[in-house]
Amino acid sequence: VYEGPVQDLIDELARLPGIGPKGAQRIAFHLLAADEIDARRLGEVITRVKQAITPCRRCFNFAQGDFCRICADDRRDPAQLCVVEDPRGVVAIERTREYRGRYHVLGGAISPLDGIGPDSLHIEELLARLGDEGVTEVILALNSSHEGEATASYLQDRLAGRGVRVTRLASGLPVGGDLDYADELTLGRALLGRRDLATG
Ligand SMILES: [Zn+2]
């Protein structure tokens, strides 16, 4: 092991997703060799993002203050609600420039193996919004993974009989691919070509 603070840094970095022990060591060495001002800036942005960013009180997107940029924009159409797994989905759909409604961020997808059930997600809050905001269409824009599919079919059941149109993005997205990997043209087409789901 390395000197205490060096090993602490490697251990913290190794806990991050997608960074193994080797990668953690490489980043730690990079930071040790970097100018102090650059290393300090990194520390500051991490501190700042944790202080400044909270979940939007309406849609659970990232927000600075009570509401996110989109919820705070009164030009957005409250009748359309696009349901995504996390804020990456919001950014992906926004990039298409084909959508003027609001969003609802679930905070993940149903995954029994990981112990994530419907209760772990912002589903009750979604249902509450339907009446409160006069929603007429819910667009399910979930990832095309097993978890995304399971979540879509659960939501389809829960949204049945509530007087809202429920649609899904047209297929054509890479299978198992996250929304943020789809290019904006493909995603824009999938949005425009969305299909209605039977909701009984
Ligand atoms: Zn919001």
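The values are calculated or read from the model by the stated rules, or taken from the named source; none is laboratory data. Keep in mind that what you see is a predicted model, and the values were worked out from it rather than measured. Don't worry about glycine lacking a Cβ; one is built from the backbone with ideal geometry, like all the others, and counts go over all protein chains shown.
Report yes if ARG48 is basic (Lys, Arg) and in contact (Cβ under 8 Å) with a residue 12 or more places away in the chain, otherwise no.
no
Return the residues of region 61-101 that are at pLDDT below 95, touching an Asp or Glu at 6+ places or on another chain (Cβ under 6 Å) and either farther than 22 Å from GLU149 by Cβ or within 11 Å of the ligand (Cβ to nearest atom) (or both); say none if nothing qualifies.
Within region 61-101, ARG95 is the sole residue that qualifies.
This table checks each residue for (1) surrounded by 11 or more Cβ atoms within 10 Å (Cβ to Cβ); (2) in a helix (DSSP H, G or I); (3) within 16 Å of the ligand (Cβ to nearest atom).
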position: ILE19; (1), (2), (3): yes, no, no
position: LYS22; (1), (2), (3): no, yes, no
position: ARG26; (1), (2), (3): yes, yes, no
position: LYS50; (1), (2), (3): no, yes, no
position: ARG58; (1), (2), (3): yes, no, yes
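Let me spell it out: the conditions are (1) part of a helix (DSSP H, G or I); (2) over 19 Å from CYS68 (Cα atoms); (3) of a type outside the set (Phe, Trp, Tyr), and LEU126 meets all of them except one. Which number is the exception?
It fails just one condition, (2).
Which condition breaks for GLU44 when tested against (1) exposed (fewer than 14 other Cβ atoms within 10 Å of the Cβ); (2) within 23 Å of the chain's Cα centre (by Cα); (3) away from the ligand (no atom under 14 Å from the Cβ)?
(2)
Among the residues of region 80-102, which ones are under 10 Å from the mean Cα position of the chain (by Cα), touching a residue at least 24 places away in the same chain (Cβ under 8 Å) and more than 14 Å from THR167 (Cβ to Cβ)?
Listed by number, the residues that qualify are GLU85, PRO87, ARG88, GLY89, VAL90, VAL91, ALA92.
Does region 67-79 hold any residues that are assigned to a loop (DSSP other than H, G, I, E, B) and touching a residue at least 12 places away in the same chain (Cβ under 8 Å), and which are they?
Result: CYS68, ILE70, CYS71, ARG75, ARG76.
Considering only region 71-114, state which residues are hydroxyl-bearing (Ser, Thr, Tyr) and over 20 Å from ARG158 (Cα atoms).
THR96, TYR99
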